[in-house]
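Working notes, beginning with the structure itself.
The values are calculated or read from the model by the stated rules, or taken from the named source; none is laboratory data. Because the structure is predicted, anything quoted here is derived from the model rather than measured. Reconstructed Cβ throughout: ideal geometry from the backbone, glycine too, with neighbour counts over all protein chains shown. When the accessible area is computed, the model is the full protein with side chains, heavy atoms only, and any ligands, DNA or RNA have been set aside. Shrake-Rupley method; radii C 1.70, N 1.55, O 1.52, S 1.80 Å.
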Amino acid sequence: MIRILLDLFRWTFHHVRAAVCLLAGEHAYTHYLEQRRRDDPTGPTLSPGAFHARRVEQKWARYVGCGAVFTPAEEAAPDRHLDRR
(Lines give C-alpha, C1' and ligand atoms only; values in the text may rest on other atoms or scores of the structure.)
Protein backbone atom coordinates (compact mmCIF):
# COMPACT_ATOMS: atom_id res chain seq x y z
CA MET A 1 0.00 0.00 0.00
CA ILE A 2 2.80 2.43 0.91
CA ARG A 3 4.67 1.55 -2.26
CA ILE A 4 1.60 2.35 -4.36
CA LEU A 5 1.21 5.71 -2.60
CA LEU A 6 4.90 6.51 -3.14
CA ASP A 7 4.64 5.64 -6.82
CA LEU A 8 1.54 7.79 -7.14
CA PHE A 9 3.32 10.66 -5.40
CA ARG A 10 6.36 10.36 -7.71
CA TRP A 11 4.16 10.23 -10.79
CA THR A 12 2.14 13.26 -9.65
CA PHE A 13 5.25 15.23 -8.69
CA HIS A 14 6.90 14.47 -12.04
CA HIS A 15 3.88 15.58 -14.09
CA VAL A 16 3.18 18.68 -12.00
CA ARG A 17 6.82 19.74 -12.26
CA ALA A 18 6.81 19.14 -16.03
CA ALA A 19 3.66 21.27 -16.39
CA VAL A 20 5.17 24.10 -14.33
CA CYS A 21 8.36 24.00 -16.39
CA LEU A 22 6.34 24.08 -19.59
CA LEU A 23 4.30 27.05 -18.41
CA ALA A 24 7.40 28.87 -17.19
CA GLY A 25 9.15 28.41 -20.54
CA GLU A 26 12.08 26.42 -19.20
CA HIS A 27 11.86 23.97 -22.07
CA ALA A 28 12.14 26.74 -24.66
CA TYR A 29 15.87 26.24 -25.31
CA THR A 30 15.45 22.49 -25.77
CA HIS A 31 12.56 23.14 -28.15
CA TYR A 32 14.73 25.68 -30.03
CA LEU A 33 17.54 23.13 -30.42
CA GLU A 34 15.15 20.45 -31.71
CA GLN A 35 13.67 22.89 -34.20
CA ARG A 36 17.13 24.02 -35.37
CA ARG A 37 18.19 20.40 -35.90
CA ARG A 38 15.12 19.80 -38.06
CA ASP A 39 15.41 23.05 -40.06
CA ASP A 40 19.19 23.38 -40.48
CA PRO A 41 21.24 20.61 -38.85
CA THR A 42 24.60 22.04 -40.00
CA GLY A 43 23.93 25.66 -39.05
CA PRO A 44 25.17 27.36 -35.90
CA THR A 45 23.01 27.45 -32.78
CA LEU A 46 22.76 30.04 -30.04
CA SER A 47 24.25 29.39 -26.64
CA PRO A 48 21.72 29.09 -23.79
CA GLY A 49 22.68 32.57 -22.52
CA ALA A 50 22.35 34.18 -25.94
CA PHE A 51 19.04 32.40 -26.53
CA HIS A 52 17.53 33.63 -23.27
CA ALA A 53 18.89 37.15 -23.85
CA ARG A 54 17.20 37.16 -27.26
CA ARG A 55 13.92 35.97 -25.69
CA VAL A 56 14.07 38.79 -23.14
CA GLU A 57 14.74 41.34 -25.89
CA GLN A 58 11.79 40.03 -27.90
CA LYS A 59 9.56 40.08 -24.83
CA TRP A 60 10.41 43.68 -23.92
CA ALA A 61 10.15 44.87 -27.52
CA ARG A 62 6.40 44.16 -27.34
CA TYR A 63 5.76 46.65 -24.54
CA VAL A 64 4.94 50.10 -25.78
CA GLY A 65 4.39 53.10 -23.53
CA CYS A 66 3.58 56.63 -24.68
CA GLY A 67 4.40 55.68 -28.26
CA ALA A 68 7.94 54.51 -27.46
CA VAL A 69 9.26 50.97 -27.42
CA PHE A 70 11.19 50.19 -24.25
CA THR A 71 14.10 47.76 -24.24
CA PRO A 72 15.70 46.20 -21.17
CA ALA A 73 18.62 48.67 -21.40
CA GLU A 74 16.23 51.63 -21.25
CA GLU A 75 14.27 49.95 -18.49
CA ALA A 76 17.43 49.59 -16.37
CA ALA A 77 18.20 53.33 -16.68
CA PRO A 78 16.97 55.48 -13.79
CA ASP A 79 13.70 57.26 -14.40
CA ARG A 80 14.51 60.93 -14.78
CA HIS A 81 10.89 62.03 -14.61
CA LEU A 82 10.68 60.80 -11.00
CA ASP A 83 13.46 63.17 -9.88
CA ARG A 84 11.47 66.31 -10.75
CA ARG A 85 10.01 68.20 -7.82
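Observations, loosely collected:
- Its convex hull of Cα atoms gives region 1-40 a direction-averaged projected area, equal to a quarter of the hull surface, of 3.4 nm².
- Å² per residue, accessible surface of region 1-53 at 1.4 Å: 87
- Here the 3J(HN,Hα) profile of region 47-57, calculated from phi with Karplus coefficients 6.51, -1.76 and 1.60 at θ = phi - 60°, is 6, x, x, 5, 4, 5, 5, 5, 5, 5, 4 Hz, Gly and Pro shown as x.
- When 39, 7 are compared by accessible area at a 1.4 angstrom probe, the order from most to least is 39, 7.
- Other residues within the sphere of radius under 13 Å centred on the Cβ of residue 11, judged by their own Cβ, net out at +2 (K and R +1, D and E -1).
- For region 7-21, Karplus couplings with θ = phi - 60° (6.51, -1.76, 1.60), whole Hz, Gly/Pro x: 4, 5, 5, 4, 4, 5, 4, 4, 6, 5, 5, 4, 5, 5, 4
- Which of 33, 6, 22 is most accessible, then next, and so on - probe 1.4 Å: 22, 6, 33
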